[in-house]
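Asks: Have a look at the structure that comes next, please.
The values are calculated or read from the model by the stated rules, or taken from the named source; none is laboratory data. What you see is a predicted model, and the numbers here were worked out from it, not measured in a lab. Please note: Cβ atoms are built from the backbone with ideal geometry, for glycine as well, and neighbour counts cover all protein chains shown. Note: areas computed on protein heavy atoms with side chains; ligands, DNA, RNA excluded. Shrake-Rupley method; radii C 1.70, N 1.55, O 1.52, S 1.80 Å.
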Amino acid sequence: MSNTAGKVIKCRAAVAWEAGKPLSIETIEVAPPQKGEVRLKILFNSLCRTDVYWWDAKGQNPLFPRILGHEASGIVESVGEGVTHLKPGDHALPIFTGECGECTHCKSEESNLCEVLRINTDRGVMLSDGKTRFSKNGQPIYHFVGTSTFSEYTVLHAGCVAKINPAAPLDKVCVVSCGFCTGFGATVNVAKPKPNATVAVFGLGAVGLAACEGARVSGASRIIGVDLLPNRFEQAKQFGVTDFVNPKDHDKPVQQVLAEMTNGGVDRAIECTGNIQASISAFECTHDGWGVAVLVSVPKKDVEFKTHPMNFMEGRTLKGTFYGHYKPRSDIPSVVEKYLNKELELDKFITHTVPFSEINKAFELMLKGEGIRCLIRMEE
């Protein structure tokens, strides 16, 4: 790959030209990385709902043409000036948030919210010069959350690239770069259930199932999955879920149902739907005295979280988390090592596979609610 360093690369990319319209496989030009940047050869993607949300562009600031994609894996093709923690040939995961290593958040053990590289869904250019690294026939194509992995080659800020063990299968660990860590970390890093704890997880999509996996690994004795889609319940058993609750099946608030099921409330609750009422229910279903609820998914802009102050005064704790509280460069390599040591199970998250040329099939599966993650093979 070294013979391409410093040169423009022509490659295939799935370009979103308009909101909600099928992605178009195009031959584009990818510029070399500039100072502090890295160019990756992407080998695998897995489709995350965030990609679909911004592709659909309802209720957001639309920015097109754009190359989406952020849950992926690949190999470093070349690095720009000043990049020392990566070299060509390294196996790596692109991360939609970053770790500059210098800001107050990066230097704090209590935060992973890098001031420089925190996710920005509206920015479509590189930080260094305000320009794109993608183009077609001279027309700039915008970036997405600093990753844009629906391209055979992409350019990222070096702080958004995590170097991983080359022994890790890239078609499995790609889910670590977003969905898995977001849910798993919310449980193990933030909720921190004790062995034999009772844990409720609201929403049994990929992030919610990763939260369930975190509860299972933590030794929870009871994991209660809460979801409106009953077809998700059987699949969730693979992730340690022992009980299922569909709020539609009850004529009382689901937090009351859960409290009655667990002799006063669950020890920990993880909310992975983005629905504000589910967030309130997750908090209110925790046990007084020690219950902890963690909010993971982003709610709509104008909603309000309303609960009685006594719920806090009685000893319940409400927390939020971003990307499972993982620092990309510092922490993600160790997550991959846990998978290699068989401490984590990732294979079961991939339920479908399509070639890159059929990427729109992955979108169709997501929109139909089929499976957990669809793997997209870049090389065919």
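Asks: Using the Karplus curve 6.51 cos²θ - 1.76 cosθ + 1.60 with θ = phi - 60°, work out ³J(HN,Hα) for each residue of segment 131-137 in order, rounded to whole Hz, and write x for Gly and Pro.
Replies: Couplings: 10, 8, 9, 10, 7, 9, 6 Hz.
Asks: Using only the alpha-carbon atoms, how far is helix 359-368 inclined from the longest principal axis of the chain? Give it as 0 to 90 degrees, nearest 10.
Replies: Approximately 20 degrees, to the nearest ten.
Asks: Taking N as the number of residues in the chain, what is its Cα Rg relative to 2.2 N^0.38 Å?
Replies: Relative to the rule-of-thumb radius for its length, the chain sits at 0.99.
Asks: Determine the shape class of segment 217-325: with a ≥ b ≥ c the square roots of the Cα gyration tensor eigenvalues, call it rounded for a/c under 1.5, and otherwise prolate if a/b is greater than b/c, oblate otherwise.
Replies: rounded
Asks: Report, to the nearest 10°, how far helix 328-340 tilts away from the longest principal axis of the Cα atoms in the chain, using its own Cα long axis and a range of 0 to 90°.
Replies: Orientation of helix 328-340: about 70 degrees from the principal axis.
Asks: Separation between the Asp302 and Phe64 pseudo-spin-labels, each 7 Å from Cα along Cα→Cβ, expressed in nm?
Replies: 2.5
Asks: With the cut-off at 1.5 for a/c, could you classify segment 288-366 from its C-alpha gyration tensor as rounded, prolate or oblate?
Replies: Oblate, because a/c is 1.5 or more while a/b does not exceed b/c.
Asks: Could I ask something else about it? Rounded to the nearest whole Å², what accessible area per residue is found for the chain with the 1.4 Å probe?
Replies: Solvent-accessible surface per residue comes out at 43 Å².
Asks: For labels at Lys192 and Glu18 in the simple 7 Å Cα→Cβ model, what's the distance in nm?
Replies: Roughly 5.2 nm, to one decimal.
Asks: Same structure, new question: Determine the calculated [θ] at 222 nm for the chain from helices alone, applying -39500 (n - 2.57) to every DSSP H run no shorter than 4 residues and normalising by the residue count; nearest 500 deg cm²/dmol.
Replies: That comes out to -5500 deg cm²/dmol.
Asks: Between segment 9-62 and segment 228-283, what is the separation of their alpha carbon centroids in Å?
Replies: Taking the Cα centre of segment 228-283 as reference, the centre of segment 9-62 is 35 Å away.
Asks: With a 1.4 Å probe and every protein chain left in place, tell me how much accessible area Glu364 has, in Å² to the nearest 10.
Replies: Approximately 100 Å² of Glu364 is accessible to the 1.4 Å probe.
Asks: Would you mind classifying segment 56-120 by shape? Square roots of the alpha carbon gyration tensor eigenvalues, ordered a ≥ b ≥ c; an a/c under 1.5 is rounded, otherwise it is prolate if a/b is larger than b/c and oblate if not.
Replies: Since a/c reaches 1.5 but b/c is at least a/b, the shape of segment 56-120 is classed as oblate.
Asks: Could you pull the accessible area for Thr147 with a 1.4 Å probe, rounded to 10 Å²?
Replies: Solvent-accessible area, nearest 10 Å²: 0 Å².
Asks: Using +1 at the Cβ of each Lys and Arg and -1 at the Cβ of each Asp and Glu in segment 5-119, identify which of Cys114, Ser73, Trp17 lies farthest towards the dipole's positive end.
Replies: Farthest towards the positive pole: Trp17.
Asks: Over the chain, with every protein chain in place, what whole percent of the accessible area is carbon and sulfur at 1.4 Å, could you tell me?
Replies: Roughly 50 percent of what the probe reaches on the chain is carbon or sulfur.
Asks: Please compare each pair in Lys7/Lys136; Lys194/Lys306; Lys21/Lys300; Lys327/Lys348; Lys192/Lys327; Lys338/Lys368 to a cut-off of 21 Å on the Cα-Cα distance and tell me which ones are over it.
Replies: Flagged as over cut-off: Lys194/Lys306; Lys21/Lys300; Lys327/Lys348; Lys338/Lys368.
Asks: Given the protein chains as shown and a 1.4 Å probe, how many square angstrom of Thr321 are accessible, to the nearest 10?
Replies: Solvent-accessible area, nearest 10 Å²: 20 Å².
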